[in-house]
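Trainee: Structure provided below as structure tokens; questions to follow.
Derivation of every value follows stated rules applied to the coordinates shown; laboratory data play no part. In this text, all values refer to a predicted model and were calculated from it rather than measured experimentally. Every residue, glycine as well, gets a Cβ built from its backbone with ideal geometry; the counts of neighbours run over all protein chains shown.
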Amino acid sequence: MAGTTHAVNSVADGLRLPLDFALSPRLAAVPLPEVGEVAPEVKAVFDEIMTFYAMDHVPAVYRWMARDGGFLQGYWRAVREAFSDRKLDRLTKEILAFAASMTAKSDYGVDFHLREARRLGLSDPMLTEAVEVVQLFNTVTKIADALQLQPDFPHTVGKR
Amino acid sequence: MEIVHVTEADELTPEDQRFCEATKAWFKIDFVPKMSRVLLTIPEFGRPYGRASRRAMMDGALTRAQKELIATMVSAINVCEY
């Protein structure tokens with residue numbers, strides 16, 4: 001999940017794709033396929049994506065991926081699997097993706113995952129607490145790196 | 001290798017040693033993490049930071065487990081091994 005979130009954000013921000021929900025001043029650096037122009041198998045993936053996220057349009061980053069339908073299909077299925085309810089619920093996963101996006105300073109990811117987390121039930125108190133944790137650990141990770149602190153927790157602590 | 005001397009817990013003031021004992025209880029561990037000791041090198045920074053951390057990491061609208069997952073995600077994105 002961390003991997004796909006970070007990678008999708010990198011593509012979206014790298015290509016300056018417009019945000020999907022907030023008003024966006026960004027103009028995509030590349031042309032995106034129009035939904036009406038794609039092959040039926042790509043259209044089927046688009047429909048899955050819109051259903052999964054309860055959206056009335058296809059997120060810009062998936063329109064970009066549709067330039068290669070086979071890649072889109074495989075990557076989307078992997079993302080869907082990573083973000084589906086399993087041992088962690090979808091809301092928790094979206095909060096984690098939001099935290100990853102904030103930490104990586106991804107405008108696209110913050111816009112996308114904050115909207116999705118809210119849709120799945122993120123309340124204002126939950127958002128406040130999540131951002132506090134992001135802030136705390138962006139502090140201590142930078143201190144740890146600056147001082148080159150070696151890990152002191154044995155990797156087996158709390159392992160289940 | 002650390003580029004600074006990491007203060008040992010027994011070098012800290014009694015007040016800060018008590019805070020370290022609370023940290024051990026919080027994490028259910030038998031040692032004081034280096035980060036706690038580093039932060040307390042400047043107690044005027046470390047003490048309020050520690051209090052803010054404890055407050056933020058308690059069960060609330062999000063569970064402590066969810067918060068630890070967020071912390072892990074931030075650490076992963078920042079590629080912070082510590």
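Trainee: By how many degrees, between 0 and 90 and to the nearest 10, does the Cα long axis of helix B:43-57 differ from the longest principal axis of chain B?
Mentor: Around 30 degrees separate the two axes.
Trainee: On a 0 to 90 degree scale, rounded to 10, what angle separates helix A:124-146 from the longest Cα axis of chain A?
Mentor: The two axes meet at around 60 degrees.
Trainee: For the charge dipole of chain B, defined by +1 on Lys and Arg C-beta atoms and -1 on Asp and Glu C-beta atoms about the Cα centroid, which residue among B:Val4, B:Ala71, B:Ala61 has the Cα displaced farthest towards the positive pole?
Mentor: With unit charges placed on the Cβ atoms, the residue in question is B:Ala61.
Trainee: Let me ask something additional. If Lys and Arg each add +1 and Asp and Glu each add -1, what is the summed charge of the other residues whose beta carbon sits under 10 Å from the beta carbon of A:Asp152?
Mentor: +2
Trainee: From the square roots a ≥ b ≥ c of the eigenvalues of the alpha-carbon gyration tensor of the stretch A:1-118, which class results: rounded (a/c under 1.5), prolate (a/b over b/c), or oblate?
Mentor: Since a/c reaches 1.5 but b/c is at least a/b, the shape of the stretch A:1-118 is classed as oblate.
Trainee: What size of dipole, in debye to the nearest 20, comes out for the stretch B:9-77 about its Cα centre when the only charges are +1 on Lys and Arg C-beta atoms and -1 on Asp and Glu C-beta atoms?
Mentor: 260 debye
Trainee: Another question, if that's okay. Quick check on chain B: take the gyration tensor over C-alpha atoms, sort the square-rooted eigenvalues as a ≥ b ≥ c, and tell me if it's rounded (a/c under 1.5), prolate or oblate.
Mentor: It comes out oblate by the Cα gyration axes.
Trainee: Taking square-rooted eigenvalues a ≥ b ≥ c of the alpha carbon gyration tensor, is the protein assembly as shown rounded, prolate or oblate, where a/c under 1.5 means rounded and, failing that, a/b exceeding b/c means prolate?
Mentor: Note, shape of the protein assembly as shown comes out prolate.
Trainee: Ok, one more. Could you tell me which of A:Ala29, A:His113, A:Met65 has its Cα farthest along the dipole of the protein assembly as shown towards the positive end, charges placed at Cβ (Lys, Arg +1; Asp, Glu -1), taken about the Cα centre?
Mentor: Of the listed residues, the answer is A:His113.
Trainee: When 1/r is averaged over all different Cα pairs and the result inverted, which Kirkwood radius in Å belongs to the stretch A:107-153?
Mentor: Value: 12.6 Å, from the Cα pair sum.
Trainee: Nearest 500 deg cm²/dmol is fine: what mean residue ellipticity at 222 nm does chain B get from its DSSP H runs of n ≥ 4 alone, each adding -39,500 (n - 2.57), divided by its residue count?
Mentor: Value at 222 nm, helices only: -18500 deg cm²/dmol.
Trainee: Continuing with the same structure: Which whole-angstrom value gives the distance between the alpha carbon centres of the stretch A:62-95 and the stretch B:40-66?
Mentor: Result: 34 Å between the Cα centres.
Trainee: Angle, helix A:2-14 long axis vs. longest principal axis of chain A, Cα atoms, 0 to 90°, nearest 10?
Mentor: 60 degrees
Trainee: Given the DSSP H assignment, sum -39500 (n - 2.57) over each helix run of at least 4 residues in chain A and divide by its residue total; what's the result at 222 nm in deg cm²/dmol, nearest 500?
Mentor: My calculation for chain A gives -19500 deg cm²/dmol from helical runs alone.
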